[in-house]
1. Of everything in segment 97-150 that's β-branched (Val, Ile, Thr) and in a loop (DSSP other than H, G, I, E, B), which residue is farthest from Asp39 (Cα to Cα)?
2. Here's a check for you: in segment 198-230, which residue that is among the small types (Gly, Ala, Ser) and farther than 20 Å from Ile133 by Cα is surrounded by the most Cβ atoms within 10 Å (Cβ to Cβ)?
3. Determine if segment 217-224 includes at least one residue that is over 14 Å from Phe119 (Cα atoms), assigned by TED's automatic domain parsing to the domain that holds Phe119 and in contact (Cβ under 8 Å) with a residue 60 or more places away in the chain.
4. Given the conditions (1) under 38 Å from the mean Cα position of the chain (by Cα); (2) in a loop (DSSP other than H, G, I, E, B); (3) loosely packed, with under 15 Cβ neighbours inside 10 Å, report the number of the one that Pro194 does not fulfil.
5. Would you pick out the residues in segment 161-173 that are part of a loop (DSSP other than H, G, I, E, B) and surrounded by 12 or more Cβ atoms within 10 Å (Cβ to Cβ)?
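The values are calculated or read from the model by the stated rules, or taken from the named source; none is laboratory data. These figures come from a predicted structure and were not determined experimentally. Methodologically, a virtual Cβ is constructed for each residue, glycine included, from the backbone with ideal geometry; neighbour enumeration extends over all protein chains shown.
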Amino acid sequence: MQVVIHRTVGPIKGFTFFDTEIENGADHYGRRIFRLAVDDNGVVRKATRLTPRYAKTFDFARPKTFRKIAVGNTNDEVVTVATFLEAAGHKIAVPVKSAKVRKPYVKPAPDTRDFAAIFFEAKIAAQEAVKAIVDAHTGPGPVDHVGACGFAWVRLPKAQGPFVTWLKKAAKGAVDSRAFGERAWDVGWEFWNPGDYRGQRIDIKEAGAAAFAAVLKKHGIACYTGSRLD
């Protein structure tokens with residue numbers, strides 16, 4: 001008999017795990033997959049049957065009466081995995097390959113950015129951009145009579161993260177909760193008309209959105225602008 005290695009996992013907590021099939025010469029015992037836990041010396045310490053689904057585990061440190069896992073189907077010669085591995089000296093025939101070592105988890109540092117200051121800086125920048133265009137209008141008629149009508153907005157790619165968490169909390173006690181944005185209809189977090197322009201000119205709304213987004217990007221917050229004609 002021999003052990004056929006299909007997959008190697010580890011090392012994990014001092015063990016390398018081999019997903020194997022057991023072959024007995026020309027007889028191949030129907031896709032019975034065993035996971036063998038092997039220590040640094042190549043000694044098998046534990047075996048678990050992964051398939052068929054009624055999996056069991058045996059530990060070589062336990063008495064032999066608990067080793068009830070058998071290889072083969074009903075009419076085949078029944079040879080226990082424990083007997084086979086013990087006859088081989090509990091050794092895996094192939095060398096233990098060094099697997100990639102998993103990088104240790106490093107907890108991210110807490111985000112210390114002042115999101116309130118960032119948001120109000122962006123809001124003021126958007127309003128000032130809108131005001132600059134409105135104040136510069138000298139043509140006949142109201143400023144809204146020039147240019148096309150439309151909408152503009154700023155969107156964060158994801159509706160999650162520390163900045164969005166702060167926005168949600170701030171919106172709960174605000175008079176105008178929509179000023180802090182809302183979940184977009186498809187994906188992300190959206191600020192609609194962040195420059196607070198009450199007219200219809202799309203270029204003014206776009207200027208406000210661009211100024212708002214520029215401040216967020218300056219502080220490392222990913223976002224992008226959008227607009228459409230009405």
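1. It comes out as Thr138.
2. Ala222
3. Yes, segment 217-224 contains at least one residue that is over 14 Å from Phe119 (Cα atoms), assigned by TED's automatic domain parsing to the domain that holds Phe119 and in contact (Cβ under 8 Å) with a residue 60 or more places away in the chain.
4. Result: Pro194 fails condition (3) only.
5. The answer is Gly161, and nothing else.
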